[in-house]
1. Is any residue of segment 1-41 close enough, with backbone N under 15 Å, to a label point placed 7 angstrom from the Cα of Val48 along the Cα-Cβ axis, and if so, which?
2. Can you list the lysines whose alpha carbon sits under 16 Å from that of Lys12, skipping same-chain ones fewer than 8 residues off?
3. Quickly rank 56-63, 132-139 as a protection proxy: mean count of other C-beta atoms within 10 Å, highest first.
4. Pairs of alpha-carbon atoms within less than 8 angstrom and 6+ residues apart define the contacts here; what relative contact order does the chain have, in percent?
5. Two decimals, Cα atoms only, Kirkwood Rh: what is Rg/Rh over segment 2-128?
6. May I ask what percent, to the nearest 5, of DSSP beta bridges between residues of the chain are antiparallel?
7. Order these by the 10 Å Cβ neighbour count, fewest first: His105, His11.
Amino acid sequence: MIAIGAFDGVHKGHQAVIKQAVEKSRICQVPSVIYTFDPPPRHFFRGVQILTPIQEKVNRIAKLDVDYVIIASFTEWYATRPPEDFICELSKLNPVEVNVGSDFHFGKNREGDVNLLEQYFPINMMPPVYCKSGKLISSTRIRQLISEGDFQQSYSLLGWRTGME
Ligand SMILES: Cc1cc2nc3c(=O)[nH]c(=O)nc-3n(C[C@H](O)[C@H](O)[C@H](O)COP(=O)(O)O)c2cc1C
Ligand SMILES: Nc1ncnc2c1ncn2[C@@H]1O[C@H](COP(=O)(O)OP(=O)(O)OP(=O)(O)O)[C@@H](O)[C@H]1O
């Protein structure tokens, strides 16, 4: 069972994706694997604030009882890999199922999407997780809340302390 994403902050939406992978891996009696990127692609391309440096991200993922974490160095070379190249790498892991959110993209210029992925692997797609006010939880929104000094709201979306309170 494998879940893929930048997972910056390991917020409540990410936690839902990861927990789903962990639960399913128990049922199928296979290891749970998280495939993530360092730095987060959005930081690489746009220089946005990193919510969780890699060690903290791995600590949070480990607390969710994941068996293995794969960390891909997100470099200039890595970003130019076509979607088919990434699929080829994934297939070597022989996943029983791939867990992603519906907006997951991958490969050069974000050309690969869930439709392409499901041509190669069984997909378990996590429906979007919203906060109490009905807005989608995202790392982008949490970065915005932190920049506004709204640590209480960012905590309620993250489920972890930011350490800035
Ligand atoms: C092999 C590979 C190449 C990528 N190249 C690009 C790229 O050229 N431009 C881009 O904005 N994102 C690129 N990404 C990042 C993805 O758009 C996306 O952020 C990443 O797969 C994590 O998914 P998530 O953002 O839903 O967590 C690439 C991802 C992978 C795996
Ligand atoms: N609120 C959410 N509900 C369900 N799935 C989510 C949610 N947020 C992210 N995901 C899924 O988790 C994985 C990792 O997502 P990603 O790291 O891009 O999070 P993000 O919060 O959308 O980040 P950013 O705002 O920086 O784009 C992807 O498969 C994505 O579809």
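Throughout, read-outs are computed from the coordinates displayed, never taken from laboratory work. As the structure is a computational prediction, the values presented were derived from the model and not from experiment. Here Cβ is always computed from backbone atoms with ideal geometry, including for glycine, and neighbour counts include all displayed protein chains.
1. 5-14, 37-41
2. Lys57, Lys63, Lys132, Lys135
3. Details: 56-63: 17.4, 132-139: 14.0.
Listed from highest to lowest mean packing, they are 56-63, 132-139.
4. Numbers: 238 pairs, mean separation 44.9, N = 165.
Averaging sequence separation for qualifying contacts and normalising by length gives 27 percent for the chain.
5. On the way: Rg = 13.7 Å, Rh = 14.7 Å.
Here Rg/Rh amounts to 0.93.
6. Numbers: 3 of 18 bridges.
Roughly 15 percent of the DSSP beta bridges within the chain come out antiparallel.
7. His105, His11
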